[in-house]
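Scroll down for the structure; my scribbles are underneath it.
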Amino acid sequence: QLAWSPAGDKVAYTCRKKTGKEYAISTNSDIYFYDLKTGKSENKTDGMMGYDLNPKFSPDGKSLLWLSMERDGYEADKNDIVVMDWKSKSKTNLTKAWDESVTGDVAWSKDAKLVYFTAAFRGTKQLFSVDAKNKSVKQITKGDFDINDIVIDNKNKLWVTKTDINHNAD
């Protein structure tokens with residue numbers, strides 16, 4: 001998985017730099033930044049021992065988010081949304097206090113104030129948002145259907161794919 005920075009000068013990518021048996025039993029993947037100007041990569045999640053996946057730059061380029069599990073070797077760990085401030089390099093777990101696990105797509109709002117995400121919830125997959133400042137989680141959809149993909153935030157509307165027992169992804 002990779003994401004281009006809005007300025008186009010860096011690429012964030014996911015990698016598990018292990019080999020052999022260590023690769024097979026570990027779930028410790030990391031998020032790296034590749035700087036196109038210097039040609040160097042830097043591990044931004046060093047010390048975070050679980051899966052770190054799906055990096056996404058904020059539209060303003062000030063932050064990067066990704067999905068993160070806490071423990072190595074535990075594939076069923078809770079999946080959280082972690083945001084790193086680009087300048088300070090400080091990391092904040094936005095969904096740590098939320099009792100569910102993020103299980104699908106993640107996307108920034110255009111103003112970078114919210115993060116939209118999907119999660120399995122009570123037998124369906126629903127759309128949620130989390131406030132990037134106060135970490136409050138809000139359920140947006142509710143019903144007997146699944147929200148699978150967050151397509152785009154455009155003109156004050158969020159486009160998603162929805163499936164149910166009678167319909168494919170609409």
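Read the figures in this text as sums done on the coordinates, not as results from a lab. Owing to the predicted nature of the structure, the values given are computational and were not obtained by experimental measurement. All Cβ positions, even for glycine, are placed from backbone atoms using ideal geometry, and neighbour counts span all protein chains on display.
Extension gain, Ser41 to Ala120, is 25.0 nm, computed as 0.36 nm per intervening residue step minus the present C-alpha separation. The amide H of Lys44, built 1.01 Å from its N in the peptide plane, has Ile31, Tyr32, Phe33 as neighbours under 5 Å, considering only residues 5 or more places off or on other chains.
As a length-normalised measure over Cα pairs under 8 Å and 6 or more apart, the relative contact order of the chain settles at 12 percent. Charge dipole of segment 29-103 (Cα centre as origin; +1 on each Lys and Arg Cβ, -1 on each Asp and Glu Cβ, all else neutral): 440 debye, rounded to the nearest 20.
By average Cβ neighbour count within 10 Å, what is the ranking of 5-11, 34-40 from highest down? It would help to have the intermediate numbers written out before the result.
On the way: 5-11: 14.0, 34-40: 10.7.
The most tightly packed comes first, giving 5-11, 34-40.
Which entries in Lys40/Lys133; Lys78/Lys125; Lys56/Lys87; Lys56/Lys135; Lys56/Lys91 show an alpha-carbon gap greater than 20 Å? Among Lys40/Lys133; Lys78/Lys125; Lys56/Lys87; Lys56/Lys135; Lys56/Lys91, the Cα-Cα distance tops 20 Å for Lys40/Lys133.
Amide H to amide H distances under 5 Å link Thr27 with Gly73, Tyr74, where only residues 5 or more positions off or on other chains count and H is placed in the peptide plane. Modelled label positions at Ala97 and Val151, each set 7 Å beyond Cα in the direction of Cβ, lie 3.5 nm from each other. Maximal additional length on extending the Asp131-Leu2 stretch stands at 44.1 nm, based on 0.36 nm per residue less the C-alpha distance.
Every helix of 4 or more DSSP H residues in the chain counts as -39500 (n - 2.57), and over all residues that averages to -1000 deg cm²/dmol at 222 nm.
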